[in-house]
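Single-structure report; data block below.
The values are calculated or read from the model by the stated rules, or taken from the named source; none is laboratory data. All values derive from a computational prediction rather than experimental measurement. Please note: Cβ atoms are built from the backbone with ideal geometry, for glycine as well, and neighbour counts cover all protein chains shown. These accessible areas exclude ligands, DNA and RNA; they are computed on the full protein's heavy atoms, side chains included. Shrake-Rupley method; radii C 1.70, N 1.55, O 1.52, S 1.80 Å.
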Amino acid sequence: MRDALFPIFLRLGLTSFGGPIAHIGYLREEFVVRRRWLDDAAFAHLLALCQFLPGPASSQLVFAIGRMRGGWRGALSAWLAFLLPSALLMFAFAMISGRLDTPLGIAFVHALKLIAVCVVGFGLWQMVGSLTPDAPRRLFAALIALAATLWPSPFTPLAAIALGVLASPLIVRHAAAPPSIEAPRGRGVALCLLAIYGVLLALSFVPAPLPIAAASAFYRAGALVFGGGHVVLPLLQHAVVDPGWITLDDFLGGYGAAQIVPGPMFSVATYLGAHLPRTSGGVFGAAIATVAIFAPGMLLLGGVLPFWGSVATHPRFAHAVAAVNASVVGLLAAAFYSPVCTSGVLGLADACIALGGLAILFWRGNVLLTIAWCIAAEMLVYAIQSNA
C-alpha cells in the first residue's frame, strides 16, 4: 500500500494545473470520490487544518493524506511525488533562463510576468470575497496594503500578521471555527516537531553567510505565509530580491513560470534557489531552497494535528485566524501593485493583454487558457513591433 502511494501522487503532480484551489478539487476527486480513502467529513477536517496553518495548503493536504494512508513514510512519499514534477520543471527553466537574453526570449519572459498579473489579480479578488467578508476586515486589509506599500521591509509581513492577531477583537465580529476532529495519538512526537519548528524559525533570524542565510530566508517565508501560494510572493521578494541575491526581473520571471507548471506553486523556490549567487546556487541551491520553504509547513502539520480538535474550535483562536487572513489580503494587494503590476504592465498593450487574461479567468476560471492567451498575445505584439 505504501509503495503504491508514489505513482498515485506522481500522476497528480504531473496533471494538477491551476494552483492551490484547483489542487483541492483534484485531491477530493481522487481520494473521496474515486478511491474512497476518505469521506467528505474527514476530507473537510484535513482541509480546514491545512488552511488554518501557514504553509502551502495543497501540499500539506497531500502530506496529511499520505500520513493517514501510509504513516510517516507514506507522507514523505506522497509529498515528494507531488512536488517532483514542478520542481524539476522549475529547475530546468532556471537553467535555460540565462539563454533567454534575446528579443524573443525577453518577450517570452515578459509574457510570464503578465501571467503573474492575471493569476495574482484573480487570486486577490477571490481572497477579498472569502477572507474579508465585512467592512471592518476590508478596511483593515486596505490599511495593511497601504502600510506595506509605503514602508516595504523584510519585517513588514511579520508585523502585519502580529498586528492582525492583536487587532482581532476589534475587527472580527463573527468567525466560523472548523469542525472538531478526534485527536490522534502521538502528542509527544507532535511537541518535538513543534519545538523543531520554533527553534529553526528563531535561528532563521540570526545573521549568517550564504548559503545558510538563503536557507533561513526560505524557511521564514514558508513558516510565515498564511493564505496560500500567492501570498508567498511578498515574503520571497523581501527574502531574495532586497538582499540583491536575485534581480527583480528574474524573480518575476520565475514566479510567472510557476503558474504554467503543474503541482505546488511553492516550487518557485526551486527556481530561486538555482539562481542564488556563486556556489550557493545550481542544484545545491535549488535543493536547499525547496526543502527549506516546505519544511515548516510539514513540521507544523505533524505537530498541530493531535491538538487540532481542542484548539481550533476556540472562539478566540478562530477570530485571530480570521484577522490574520485580513492581513494576508492586504499584503497580497500591496504585492499585486508592486512589483507585479509595476513590472508587468509597462504600456497600453500590456494592459490590454492583462485585462484579457483577467476576463478569461472571471469568465471561465481557466488558468491554462489564460496562460495560452498571454503568451500568444505577447508573441503577436513582439512580431508586430519587430516588423514595424
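Pick from LEU131, LEU166, LEU272 the residue whose mean-square fluctuation is largest in a GNM of the chain, springs joining Cα atoms under 10 Å.
Result: LEU166 has the largest fluctuation of those listed.
Quick check: convex hull over the Cα atoms of region 16-175, volume per residue in Å³, rounded to an integer? Walk me through the numbers before you get to the answer.
Numbers: hull volume 27.3 nm³, N = 160.
It is 171 Å³ per residue.
Taking the Cα centre of the chain as origin, work out the dipole magnitude from +1 charges on Lys and Arg Cβ and -1 charges on Asp and Glu Cβ, in debye rounded to 20.
880
Starting from the 7 Å offset along Cα-to-Cβ, what nm value, one decimal, do you get for the label separation of LEU170 and ASP40?
4.1
Assuming R0 = 45 Å, can you tell me the calculated FRET efficiency for the pair ARG73 and ALA142, based on Cβ-Cβ distance, to the nearest 0.05?
0.45
Over the alpha carbons of region 268-370, what is the largest minus smallest coordinate on each principal axis, giving the biggest first in Å?
Ordered largest first, region 268-370 gives principal extents of 53, 43, 24 Å.
Given a 1.4 angstrom probe, what's the average accessible area per residue across region 330-388, in square angstrom?
Value for region 330-388: 52 Å² per residue.
If you put +1 on each Lys and Arg Cβ and -1 on each Asp and Glu Cβ, how big is the dipole of region 33-143 around its Cα centre, in Debye rounded to 20?
Dipole size: approximately 300 debye.
Report the extension gain between TRP363 and ALA376 in nm, rounded to one decimal, defined as 0.36 nm multiplied by the number of residues separating them, less their alpha carbon distance.
On the way: separation 13, 0.36 × 13 = 4.68 nm, distance 1.88 nm.
Result: 2.8 nm gained on full extension.
Cut-off 10 angstrom, C-alpha nodes, Gaussian network model of the chain. Which of VAL199, VAL367, VAL231 fluctuates the most?
VAL199
Compare PRO234, PRO85, PRO209 in a GNM of the chain, Cα atoms joined below 10 Å, and give the one with the largest fluctuation.
Most flexible of the set in this elastic network: PRO209.
How much accessible area does ASP242 have with a 1.4 Å probe, in Å² rounded to the nearest 10?
We get 90 Å² for ASP242.
Evaluate the Debye formula for the chain with equal point scatterers sitting on the alpha carbons, no solvent, and hand back log10 of I(q)/I(0) at q = 0.12 Å⁻¹, in q order, two decimals.
-0.93
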